[in-house]
Amino acid sequence: MNSSVSQRALNQSSGVLGPLDRKTIESRTDAYFARTRQIVEHFGDSQVTYAVFIRRPVIAACGIAVTWLRNVAKEQGFDLQIREVYEEGQWIGAGEPILYLTGPFSRLAPLETLLLQRLGACCVAAHNAYQMSMALPDVAFLAMEARHCAGFEMQEQMGYAAAVGSQAAQKEGARGFIGNANDATSGFFGQDHGLGTMPHALIGYAGSTLRAAEMYVDVYPDDPLTILVDYFGQEVTDALEVCRRFPEKAAAGQLSVRLDTHGGRFLEGLDPQSSYAVLERYTPGTIRRYRSDAELRDLVGTGVSAAAIWRMREALNEAGFPKVKITVSSGFNASKCTTMRDAHAPIDVVGSGSFIPDRWSETYATADIVAYDGTLRVKVGREFLLNKARAEQGAS
C-alpha cells in the first residue's frame, strides 16, 4: 500500500472533512479570531503567511488538514497557497515548520482553531503507529481505534493517521497496519470494509466459546475465523476445542485465536513462576537482564503477556495445530510492542488503538504569522520560524 491509497480514500471519505461555511466555522473557532477578521476587514486586509509547527517529533500526516483548507478556500472563493514542507509520512523534528499557508488575513484568521484540531493529533498518532509497526516489523496490525474516539471526526483523523504512519513503516520493510475495524475509514488501508469477527458479547449470547464460533461459521462460512478465547478464563481449553471442531480451517490457516485476557488475571494455567518458566523454554535470556516494572508486567505479568502468547503457541503446536494464528490485543502501544519483540513473541496480528496519543498536551500544534504583505515579522520567542520563512521567500 502506498500513500496514494490513503489520499484517494481521503478524497472520497466525507467530501469536506469539516464545515466549510463562514458562519459554522466562526461558531467553532476561538472568538478572538472572528473578531480579528472583523477588525482586519474594517482597516484593510493583508496578505499573510502562517507557519504551522508542533513542539515534539512527529510523522507528517497533514492530508486531512490540507484537504479541508482547500475545500474551505474553494467554497468561500479565495486564493490560498499551501506549502507542505514535508511529504506525507516523513519524520519531522520538534518545532520544525510543517506547513506554510499564504492568503488573505481576513479569511485565514477564523480557520486557525479548526486547522490545528485537524493537524496535531494526526501527526502524533501517525508517529505512534510508525513506532508500533517498526517495533514488530513482521507482524500485521489491525487498527481498533474507533471505540476510543470522541465522535466521527476524531475517528476519521485517527484512522488516517494510522494509515500514514503505517505506510512510512512499510517503506522500511514493516508489514504495518493491514486494515481496521470499521467500514467508514477502511479505505485508508486499501480495504472496502472493516475487519474483525466477534466481540465478547457474542460469546456471552452464545453461552460458550465453541457455540459462538459455530454461529459465526453458520452465517459466514467462507470467511476466516478469529475467536476470542478469554471470556470464560479458559483460553487454552476453549481454543483447542474450537480447533478440533473446525480442523479444516485450522489446517488451512483460516483460524485464529485472539488473546485479550483481562489485566487482573493470568492466562489459563499460568502464574508468576510458570510464566517465567515459559519464557525460559522459548526465549532464554529475555528475563535474565534488568527489566523495568512495566517490562516485567508485559513479559510475565497478568493479561496478555509474552509468556501468555508463548504458552498459547506451545499448546496449539502440541495439539497439532501449528497453522492456527494468534491475534493479540489489550494495550499494545509502542512500548509493549518493543517488549514483545525482545521476547520474540509468536504474534501473527496485533489489534490495537493504542496509537491514539495518550498525552493530549503533546498534540497541540501552533500557528504563527511570519509575514505581513511580504514583510517578515513574528512574535518574540518564535524567531526560529523566520529562518525557513526567509528560505521560502527566496525560493519563491
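One table, with the values for the structure above:
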{"quantity": "Qualifying residue in segment 268-275 (condition: crowded, with 19+ Cβ neighbours inside 10 Å and within 30 Å of PRO221 (Cα to Cα))", "calculated": "yes"}
{"quantity": "Of all residues in segment 19-45 being outside any helix (DSSP H, G or I) and open to solvent by 20 Å² or more (accessible area, probe 1.4 Å), the one that is farthest from ILE98 (Cα to Cα)", "calculated": "GLY44"}
{"quantity": "Checklist (1) under 19 Å from the mean Cα position of the chain (by Cα); (2) surrounded by fewer than 20 Cβ atoms within 10 Å (Cβ to Cβ); (3) assigned to a helix (DSSP H, G or I) applied to ASN317, failing item", "calculated": "(1)"}
{"quantity": "Residue list for segment 230-252, filter: of a type outside the set (Val, Ile, Thr), closer than 19 Å to THR209 by Cα and open to solvent by less than 70 Å² (accessible area, probe 1.4 Å)", "calculated": "ASP230, GLY233, GLU235, ASP238, ALA239, LEU240, CYS243, PHE246, PRO247, LYS249, ALA250"}
{"quantity": "Filter result (modelled with pLDDT of 95 or more, among the small types (Gly, Ala, Ser) and either farther than 30 Å from THR327 by Cα or in contact with a helix residue (DSSP H, G or I) (Cβ under 6 Å, 6 or more places away or on another chain) (or both)) within segment 95-143", "calculated": "GLY103, SER106, ALA109, GLY120, ALA121, ALA125, ALA126, ALA129, SER133, ALA135, ALA143"}
{"quantity": "Spans of helices (runs of 4 or more DSSP H) in segment 48-157 with at least 1 residues under 20 Å from the mean Cα position of the chain (by Cα)", "calculated": "63-76, 112-117, 120-135"}
{"quantity": "Residues of segment 160-188 that turn out to be within 20 Å of GLN90 (Cβ to Cβ) and either open to solvent by less than 50 Å² (accessible area, probe 1.4 Å) or charged (D, E, K, R) (or both), as a count", "calculated": "17"}
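For every residue, the table says whether it meets (1) surrounded by fewer than 24 Cβ atoms within 10 Å (Cβ to Cβ); (2) of a type in the set (Val, Ile, Thr).
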{"position": "ILE54", "(1), (2)": "no, yes"}
{"position": "LEU80", "(1), (2)": "yes, no"}
{"position": "GLY93", "(1), (2)": "yes, no"}
{"position": "LEU101", "(1), (2)": "yes, no"}
{"position": "LEU111", "(1), (2)": "no, no"}
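The values are calculated or read from the model by the stated rules, or taken from the named source; none is laboratory data. Just so it is clear, the model here is predicted, and its values are computed rather than measured. No Cβ is skipped: glycine too gets one built from the backbone with ideal geometry, and neighbour counts run over all protein chains shown. Surface areas here come from the heavy atoms of the whole protein model, side chains and all, with no ligands, DNA or RNA. Shrake-Rupley method; radii C 1.70, N 1.55, O 1.52, S 1.80 Å.
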